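Notes follow once the structure below has been shown.
Values quoted throughout were computed directly from the atomic coordinates according to the rules given, and no laboratory measurement underlies them. Keep in mind that this is a model prediction, so the values were computed, not measured. We place every Cβ from the backbone using ideal geometry, glycine too, and count neighbours over all the protein chains shown.
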Amino acid sequence: METPPRDPQNSKPQTEQDLLGTLTTILTSENFSFESLKPYIPHLSTNPSLLISLLNSKTLIQNPNTLLQFYTCLPPSITHHSPLPLLSLLPSILRRRHFYAAKSLLSSFISVDKSSSLHYLLLHPQKTKNPVSCLHISKPLLDVSIGAYVACGRPHQAAQIFNRMKRLGLVKQ
């Protein structure tokens, strides 16, 4: 199998699948640096589904530290635009019990989320047009979200999430 092109200036990959393969190859390489990703940032900013697919890549889910490093290096214009990429990233981080990192990412997003889109999505995941087919709002995600909302000075939203957990039977009575 031929290796996808690495320089989008000279030869642009034609499809989203090609871009996904190229980005996965870059992120899994031993000498990964953010500089090698810079030419692909415009593709990630104009195509949110590419970013979500990358964060859900089976190859990268096994490397949550790589995903975390990649996500934190992205510009805020990409990471703070929608909660869906963050919610795609968090399950792999929480699976490895990186609760502090998850809370930090959530707090960072919550602090700029003026429309409370993350809060709405946590309370009503089935009501959103959701391109993330594997989006799963889990108990650990809700637990960490409560802490993040309290840390951001939004205890009323934390209480709403807690009440949802009670309704779902995720909290012991």
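Counting Lys +1, Arg +1, Asp -1, Glu -1, what net charge surrounds Ile161 among other residues with beta carbon under 13 Å of its beta carbon?
+4
Only one of the listed values, [x] 9, 37, 33, 15, 5, 1, 0; [y] 10, 34, 31, 17, 6, 2, 1, 0; [z] 8, 27, 23, 14, 10, 7, 5, 4, 2, 1, 0, 0, was derived from the coordinates as P(r) over Cα pairs in 10 Å bins from 0, in percent; which label is it?
[x]
On a 0 to 90° scale, report how tilted helix 155-168 is relative to the longest principal axis of the chain, with both axes built from alpha carbons and the result rounded to the nearest 10.
That works out to roughly 90 degrees.
Each residue of region 106-111 in turn: what ³J(HN,Hα) in whole Hz from Karplus with 6.51, -1.76, 1.60 and θ = phi - 60°, glycine and Pro shown as x?
4, 4, 4, 6, 4, 5
Which listed residue (Leu19, Ala101, Ser77) has the Cα farthest towards the positive end of the charge dipole for region 14-173, taking +1 on Lys and Arg C-beta and -1 on Asp and Glu C-beta about the Cα centre?
Ala101
If we count every other residue with Cβ under 13 angstrom of His80's Cβ, Lys/Arg +1 and Asp/Glu -1, where does the sum land?
With Lys, Arg at +1 and Asp, Glu at -1, the net is 0.
Compute, for the chain, the length of the dipole vector about the Cα centre, with Cβ point charges of +1 (Lys, Arg) and -1 (Asp, Glu) only. Units Debye, rounded to 20. Let's see the in-between values first.
Details: 17 positive and 8 negative charges, 207 e Å.
With Lys and Arg at +1 and Asp and Glu at -1, about 1000 debye.
At 0.36 nm per residue, minus the direct Cα-Cα distance, what do Asn31 and Ala159 gain on full extension? Give it in nm, one decimal, please.
Taking 0.36 nm per residue and subtracting the Cα distance, the gain is 41.7 nm.
Any idea what the relative contact order of region 16-168 is, in percent, if you count C-alpha pairs under 8 Å spaced at least 6 apart?
19 percent
Quick one: check the C-alpha center-to-center distance for region 135-172 versus region 38-91, whole angstrom.
Result: 23 Å between the Cα centres.
If R0 is 45 Å, what FRET efficiency do you get for Gln69 and Val171 from their C-beta distance, rounded to 0.05? Write down the numbers at each step before the final one.
On the way: r = 33 Å, r/R0 = 0.74.
Rounded to the nearest 0.05, the efficiency is 0.85.
Take a quick pass over the chain and tell me how many lysine pairs come in under 21 angstrom between Cα atoms, counting only ones 8 or more apart or on separate chains.
10
Amide H of His98 versus every other amide H placed in the peptide plane: which residues, excluding those fewer than 5 positions away on the same chain, fall under 5 Å?
Here the answer is none, since no amide H 5 or more places off falls under 5 Å of that of His98.
If Lys and Arg each add +1 and Asp and Glu each add -1, what is the summed charge of the other residues whose beta carbon sits under 15 Å from the beta carbon of Asn56?
Computed value for this residue: +1.
Please name which of Pro48, His156, Leu142 has its Cα lying farthest along the dipole of region 16-168 towards the positive end, using unit charges on Cβ (Lys, Arg +1; Asp, Glu -1) and the Cα centre as origin.
His156
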